[in-house]
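Here is the structure we will look at, set down as structure tokens.
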Amino acid sequence: MNRALGEMRLEGVPLSPGVALGRGCFFQREVSSFGTTAAGDGVREAHRLNETLAWMIQRQEALARDAEARLGPREAEIFYTYQMILEDGTFQQGLFDAVERKGLTAAGAIERQLDLYKAQLQAADSEYLRQRVADIAEIQRGLLARLCREVPCLRCKDKGITCDIGQCLLGNDHVLVARELTASLPMEMDSHNVGFLVEKGGRNSHAAILARAMQVPAVSGIRNLSASVPFEARILIDGDTGEVFLNPSSQTLARYQSALDAGGPTLQILDPVPELRVMANIERAVDVQEALAVKAEGIGLYRTEVEALAEGRLLSETEQEARYSKVVGAMAGKGAVCIRLLDLGADKTAAWLGTLSEDGSMPECRGTRLLLARPELLRDQARALARAAIHRPIHVMYPMIVDVVQFRRVRALFDEAVAGLNPHMLLHGVLFEVPSACLQAPQILREADFGCIGTNDLIQCLFAADRTSEAEDFEDNPVLWRLIEDLCEAAREVGKPMSICGELAGNPNFTRRIMKAGIAAVSTSTTRIGEVRRSARHHLS
């Protein structure tokens, strides 16, 4: 295939939803190595370092004000954090000591000291701390760029044209292609930037949070971008699935045309299908309005940990109650509301979560295991749920349950936390995501009020797949479908409802198979509800 002319498809990791089409715009910034200073230049280098730090602090303050005006205080906090790091006395003293005592240039001090910080963070057990390496790297790049009068630039198909950061001289809609998505890039880009395509970047990174807040589609996890994406390519990215098309064909463009015309995630509004209840996945309480817009028949999965990760802290009991009440109130009469307990730990961790275990470190502790290890997390959320369920029922979902004994333990802690709050409007269900729990499904479902098959983690655990693996490699595997059918059979035997969520639930190619297995309710993203209903209607016709 001619790469310059024919369509090529790449598979990445979705960071920010939506569809974007534009020329490839390549972000280039080279940072060279810096050595020691010549004798007698220490005073001059210290002055240069001081001037650079002062400029960088002012820049972060300006970016923070801009972010607050355009997006809100939560997004601005990212840049205020950078400002605090730069103003920290210990941070600054380490840099000046490298210049005045070790004889390094200002640039050499910045390179060496921040490389040490990055190495320490990279070695941390916490995935959250490892993702902060990108933040330190961005501070380092900014300081070096200013110190060396380096101007970061963008280049597109017209190779003779070099643009300043964020300004396309030709006025082209473009998809920014870069090695890494850093927090300042979304804020610095002009309106011609319609998407981000990067090699590195986590979904919970500051940059990804900003991209979602600005509703700019983003995809990461594409290796060797500079070699994979020709300068002359037009790029279409799907921030919902992680798909990337280079020089998309007319058929591909036609398939995405409605989403491109809409300028954001496409919401197909179709009436419900009686034989299949299609509910919505949400990550924030504010997302319930979009669920209503697409006529979702309930909230099938409310990922409550995203609220905490986005805020950068644990929410208080009162704050949680207010958000849960907002969702329950909005969905009154529309369908059930299923709220998942905090599924934190492993790759979804944060500095404020701390370490836990008998010996002080348990980096892989996640989901219900984490709630048992940190009962205060469960206590506050349980009480918030009980208060929010005074007038309308809430389905409480327990994540990553491993067996019936663990479910009994966490239920006992939950009941203890809500004693005296009259929690009679709460229903308790299990997410079947771990093979060991699937093998005990009959026993678990006799004690639970309902079940839900969480296909994302189930596929990962069942096939030893990492988070960057292509899920479709396993979605059609007969082992998975045998397990789904067995879970449905177990639910039927004890008379308990069983639903399904995850990427497979939103894939219209599997709707017929899901219904045939005996599933009567699925939960998926709001952008896929219409497609699933259309597929169900076709199956029933």
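The values are calculated or read from the model by the stated rules, or taken from the named source; none is laboratory data. All values reported here derive from a predicted model rather than from experimental measurement. Here the Cβ is made from the backbone with ideal geometry for all residues, glycine too, and neighbour counts use every protein chain on show. To get the accessible areas, we keep the full protein, side chains included, count just its heavy atoms, and leave off ligands, DNA and RNA. Shrake-Rupley method; radii C 1.70, N 1.55, O 1.52, S 1.80 Å.
Taking all protein chains in place and a 1.4 Å probe, what share, in percent, of the accessible surface of the stretch 266-322 do carbon and sulfur account for?
Values: 1140 of 2240 Å².
Ligands and nucleic acids excluded, carbon and sulfur reach 51 percent.
Counting 0.36 nm for each residue step from residue 90 to residue 494 and taking away their Cα separation leaves a gain of 139.3 nm. Counting only protein heavy atoms and a 1.4 Å probe, the stretch 473-531 has 43 square angstrom of accessible area per residue.
Find, among the chymotrypsin sites (Phe, Trp or Tyr not before Pro) in the stretch 370-444, those assigned to loop by DSSP (not H, G, I, E, B) with at most 10 other beta-carbon atoms within 10 angstrom. Could you put the intermediate results ahead of the total?
Values: sites: 407, 414, 432; in loops: none.
Nothing satisfies the criteria.
As a test of reading the structure, rank 138, 232 by solvent-accessible area (1.4 Å probe, protein chains only), most first. Can you show the working numbers first?
On the way: 138 15, 232 75 Å².
Highest to lowest solvent-accessible surface, that is 232, 138.
Greater than 29 Å separation of Cα atoms is the criterion. Which listed pairs, 295/326; 326/516; 295/516; 102/200; 334/516; 200/334, meet it? Over 29 Å apart, Cα to Cα: 326/516; 102/200; 200/334. Classify the stretch 208-324 as rounded, prolate or oblate, taking a ≥ b ≥ c as the square roots of the eigenvalues of its Cα gyration tensor: rounded when a/c is under 1.5, otherwise prolate if a/b is larger than b/c and oblate if not. In terms of gyration-tensor shape, oblate. Computed as a quarter of the hull surface, the mean projected area of the alpha carbon convex hull for the stretch 432-534 stands at 6.3 nm². Here the stretch 444-541 has 47 percent of its accessible surface on carbon and sulfur atoms, given a 1.4 Å probe and all protein chains in place. Here residue 25 sits with roughly 10 square angstrom of accessible surface, probe radius 1.4 Å. Pairwise Cα distances in the stretch 382-487 exceed 19 Å for 49 percent of all pairs. Compared with the direct C-alpha span, the chain from residue 80 to residue 330 gains 86.6 nm at full extension, assuming 0.36 nm per residue. In this structure residue 424 has an accessible area near 120 Å², from a 1.4 Å probe over the protein heavy atoms. Rounded to the nearest whole Hz, the Karplus-based 3J(HN,Hα) values (6.51 cos²θ - 1.76 cosθ + 1.60, θ = phi - 60°) of the stretch 317-327 follow the sequence 4, 5, 5, 5, 4, 4, 6, 5, 5, 4, 5, with x at glycine and proline.
Seen from residue 403, the other residues with C-beta closer than 12 Å to its C-beta sum to a net charge of +2, counting Lys and Arg as +1 and Asp and Glu as -1.
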